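> Submitted below is the structure of interest, expressed as structure tokens.
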Amino acid sequence: MAQTGSASDNGQPRIIVEVQTSSLAGKRFAYAVRDLRRGLMVGRAPDCNLRFDPNRDLKVSGHHALIVETRDGVFVRDQGSANGLWADGIRATTAGVRVYDGSEVSLGQEGALLRLIIPGEERPPASQLPAPSTAAQPKPAARSDSLTAIVGNAGDKTRQLISEVASRLEARGERRRATLVTMVIALLMLVGAIGAIAAWYFQQQTT
């Protein structure tokens, strides 16, 4: 499971990651300056600095996000995750999104939610920040036992799988209906042929 990083050179951690949701909810992980500059890998893989439960946190990818400090500030970068990465409502890519003290990072639309504590990285005025992405994470819907709610809350892969299964079932139903129609037509033709033979036979008997 995830390991708490070491403190910075002055005895204080450079960054503290508070896990808000997931199997690690309520836990805090501190990392030093050298850790952050080297890059903190977040995911379910064994080599991650902040590792989530590989059996429970299935919305988190093996290597989901990288938190790294450069000369321009602290950034979070998507590592090719399956469910996407958001920082303060902005969709992050491999290029990264800058984060500040108090920033919230979401590992996918239904994955873990993190809060970052980065001393000295105060958030600038709102006018200087980029506008939130329209693809920002939606709020989780209330739990429901209905199929509609389950499908609505499913991830992209789950919805795609459901769609494929529905398409296959529909195609199978079409084939069955076509087969049934063919059998009915053949049966009607057979009945007609039997009727014609019977009529001819009775006509011959009468003659």
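> Could you please give the count of residues in region 46-85 that are part of a loop (DSSP other than H, G, I, E, B) and more than 20 Å from the chain's Cα centre (by Cα)? Lay out the reasoning, then the answer.
Looking only at region 46-85, we keep the residues that are part of a loop (DSSP other than H, G, I, E, B), and these are 46-49, 52-64, 71-72, 79-84.
This time we only want the ones that are more than 20 Å from the chain's Cα centre (by Cα), so: 46-47, 49, 71-72.
Adding up the residues that qualify gives 5.
> I'd like to verify a number: residues in region 70-100 that are out of contact with any strand residue (DSSP E or B) (no Cβ under 8 Å at 6 or more places or on another chain), closer than 21 Å to Val33 by Cβ and touching a residue at least 40 places away in the same chain (Cβ under 8 Å), how many?
The qualifying residues number 0.
> For region 109-122, enumerate the residues that are at pLDDT 90 or above and either over 27 Å from the mean Cα position of the chain (by Cα) or among the polar types (S, T, N, Q) (or both).
Matches in region 109-122: Ile118, Pro119, Gly120, Glu121, Glu122.
> So how many residues does region 80-91 have that are closer than 20 Å to Phe52 by Cα and surrounded by 17 or more Cβ atoms within 10 Å (Cβ to Cβ)? I'd like the intermediate steps shown before the answer.
Of the residues in region 80-91, the ones closer than 20 Å to Phe52 by Cα are 80-87.
Going one step further and asking which of them are surrounded by 17 or more Cβ atoms within 10 Å (Cβ to Cβ), we end up with 81, 83-87.
Final tally of qualifying residues: 6.
> Within region 11-36, work out how many residues are surrounded by 15 or more Cβ atoms within 10 Å (Cβ to Cβ), in contact with an Asp or Glu (Cβ under 9 Å, 6 or more places away or on another chain) and not in a loop (DSSP other than H, G, I, E, B).
4
The values are calculated or read from the model by the stated rules, or taken from the named source; none is laboratory data. Here the structure is a predicted model, which means the values were calculated and not measured. All Cβ positions, glycine included, derive from the backbone under ideal geometry; neighbour counts span all protein chains shown.
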